[in-house]
Ligand SMILES: Nc1ncnc2c1ncn2[C@@H]1O[C@H](COP(=O)(O)OP(=O)(O)OP(=O)(O)O)[C@@H](O)[C@H]1O
């Protein structure tokens, strides 16, 4: 088997939650292969199951049926090889930015490297996201965008095989968001990371992704369609805004979301 073309392999995955009101079928027959170094976005209406799928890849939940593999090994639980960046940065408030990153570095490399090496790793990760000057600050002393960058630095510092991001920029204002998207583009170009990102933002999905995985509405949500984004890299947001191909991809995603999968509340109104 070609390992790199099925670096993450999701096969016939079903996810059923047991709730107080009975069982809830969240995901149905999800099949997805992610190539090594590929950037994938998961997009779909609120509640369709994007986070559920991401959490399954993260190993935070177990699928009810089907198989999930990363680098040919079954995903049996959370592991540093699959680092997660959440919308809410989840930094420890009593630690400095440096210490927050160092903690992750120590967990992954502590057994095999000395303190000098571990510190160098934490510093390099913070430098990668442009936060060298904020190393000694605590989370309450920095902006929301900077906190997200620490979260990304922490994830990257573990040298994960896969970076999983759940609406990493969802809580930020539009300009900070654009700035961090541009930074992420540069970081991914440098690190060749394999990324799976959940987003609600169509422009973000087109700008960043190699493929946009569009999910149908739940319950029993599945992959409705996939857009292959064949835009050359490096990508420039200003130039792309006029690019007919960019507009075509953007329209394809909008068409899927607002015509083919109109939000359930809108469908009800129309009926
Ligand atoms: N632990 C759980 N127990 C029961 N139901 C759950 C659980 N986690 C998620 N669900 C349900 O599964 C469905 C998918 O949820 P999920 O959070 O994955 O959606 P989403 O697409 O990420 O939504 P959003 O875009 O609003 O974050 C929802 O109906 C949700 O209520």
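The values are calculated or read from the model by the stated rules, or taken from the named source; none is laboratory data. If you're wondering where the values come from, they're calculated on a predicted model, not measured in any experiment. Note that we place each Cβ from the backbone using ideal geometry, even for glycine, and neighbour counts take in every protein chain shown.
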*For the range 126-158, which residues satisfy the criterion of being touching a residue at least 60 places away in the same chain (Cβ under 8 Å) and part of a loop (DSSP other than H, G, I, E, B)?*
158
*Please verify whether the range 145-152 includes one or more residues that are modelled with pLDDT under 95, under 16 Å from residue 181 (Cβ atoms) and in contact with a strand residue (DSSP E or B) (Cβ under 6 Å, 6 or more places away or on another chain).*
yes
*Kindly establish whether residue 70 is within 17 Å of the chain's Cα centre (by Cα) and at pLDDT 95 or above.*
yes
*Would you check which residues across the range 223-265 are in a loop (DSSP other than H, G, I, E, B), surrounded by fewer than 18 Cβ atoms within 10 Å (Cβ to Cβ) and in contact (Cβ under 8 Å) with a residue 40 or more places away in the chain and list them?*
233, 234, 263
*With respect to residue 210, is the statement that it is crowded, with 17+ Cβ neighbours inside 10 Å, out of contact with any helix residue (DSSP H, G or I) (no Cβ under 8 Å at 6 or more places or on another chain) and modelled with pLDDT of 95 or more true?*
yes
_Residues that are outside any helix (DSSP H, G or I), within 16 Å of the ligand (Cβ to nearest atom), more than 19 Å from the chain's Cα centre (by Cα) and under 25 Å from residue 54 (Cα atoms): does the range 192-205 have at least one?_
no
*Do you know which of the residues in the range 86-102 that are surrounded by 17 or more Cβ atoms within 10 Å (Cβ to Cβ) and modelled with pLDDT of 95 or more is farthest from residue 187 (Cα to Cα)?*
96
_If I ask for residues that are at pLDDT 90 or above, away from the ligand (no atom under 16 Å from the Cβ) and not in a helix (DSSP H, G or I), which ones from the range 162-191 would you list?_
162, 163
